[in-house]
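The values are calculated or read from the model by the stated rules, or taken from the named source; none is laboratory data. Note that the structure is predicted; figures quoted are calculated from it, not measured. Methodologically, a virtual Cβ is constructed for each residue, glycine included, from the backbone with ideal geometry; neighbour enumeration extends over all protein chains shown. What goes into the accessible areas is simple: the full protein's heavy atoms, side chains included, and nothing from ligands, DNA or RNA. Shrake-Rupley method; radii C 1.70, N 1.55, O 1.52, S 1.80 Å.
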Amino acid sequence: MTPGGGSGPMKDCEYSQISTHSSSSPMESPHKKKKSAPKRKWEVFPGRNKFFCNGRIMMARQTGVFYLTLVLILVTSGLFFAFDCPYLSEKITPAIPAIGGILFFFVMGTLLRTSFSDPGVLPRATPDEAADLERQIDIANGSSSGGYRPPPRTKEVIINGQTVKLKYCFTCKIFRPPRASHCSLCDNCVERFDHHCPWVGNCVGKRNYRFFYMFILSLSFLTVFIFAFVITHVILRSQQTGFLNALKDSPARYPFTETNYKSSVVCFFSVWSIVGLSGFHTYLISSNQTTNEDIKGSWSNKRGKENYNPYSYGNIFTNCCAALCGPLSP
């Protein structure tokens, strides 16, 4: 599902309500009929999401932490480029600000791509589809009466010799496909659901996971890069005037020491969590798992000797290619 997008005949799709009343009176003149403007899918979207740019940008409703992420990246990188790069470019090499700029733009691009895209939301069942599913459930239960009978919560399918349970979603009125899960914050079923990430302001699923992984990986490189060269800048300055003298330097150079101190502190505490997160998701990609599956221990050996991951290709390189280079679903 692409919010607000579409091509061909799907571009004019709209949700309409069935009315039991007659459309117009025989005595009603044609010029009095009012045609309602067609609505796009994002305008009547049932989930808890926000849309911008005529539906082309899709985000979760709670985006406060996402703006904090933007501020932290922009401020830390801005201080580095403003106070450290001129000195490092002159004393070491002009390649330092060039490499830092490439990393910065790549981080921002992958962050916005993750935050603004559809993570893989599964469409809810239409009334006709929900009614047909309920009829199938009644037949499976041996009930042909009109009385209410709650549908079963699971269905079993075989994937690569492993039994996988499909859970019924009472909100979306569908049996969720394998690896899909319902996000309680966005109120959507998401295909290959990994987790809901408040730092990017969106769910992470099948259609934006690769961009999320490239974001945290490039952010790890950027954080280590800034931290290393901020420390290098401080060491080079200290060799010239001494560290204590640098702190007592003229007011024009005082912002340098204060800025380096703040940048290095932010990077020092950020680098461990970001690099650790990148390592964790590298492990998930290499074994073709999701965060949701790893937390639940879906394919853990503790559940039995015959329990294994049916989605793994048995090769780290193939698993990584499937997650990062495979075609994106429409």
(message) Given axes a ≥ b ≥ c from the Cα gyration tensor, I'd like to know whether segment 79-128 is rounded (a/c under 1.5), prolate (a/b larger than b/c) or oblate.
(response) prolate
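Put Ile158, Ile231 in order of accessible area, largest first, 1.4 Å probe: what do you get? Could you put the intermediate results ahead of the total?
Details: Ile158 120, Ile231 65 Å².
Sorted descending by solvent-accessible area, the residues read Ile158, Ile231.
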(request) Quick one: order Ser77, Ser270 from most to least accessible surface, probe 1.4 Å. (result) Ser270, Ser77
(request) Give me the accessible area of Phe105, 1.4 Å probe, in Å² rounded to the nearest 10. (result) 150 Å²
(request) Could you tell me the accessible area of Phe81 in Å² (1.4 Å probe, neighbours in place), rounded to the nearest ten? (result) 70 Å²
(message) What figure, in Å² to the nearest 10, do you get for the accessible area of Tyr313 with a 1.4 Å probe and non-protein molecules left out?
(response) 140 Å²
(request) Step through the table entries Lys39/Lys296; Lys50/Lys167; Lys173/Lys302; Lys206/Lys302, compare each Cα-Cα distance with 29 Å, and write down the pairs that go over it. (result) Lys39/Lys296; Lys173/Lys302
(request) Provide Rg and Dmax in Å for segment 171-215, with only Cα atoms included in the calculation. (result) 10.7, 34
(message) Per-residue counts of other Cβ atoms within 10 Å, averaged by peptide: what ranking do you get for 173-182, 314-323, highest first?
(response) 173-182, 314-323
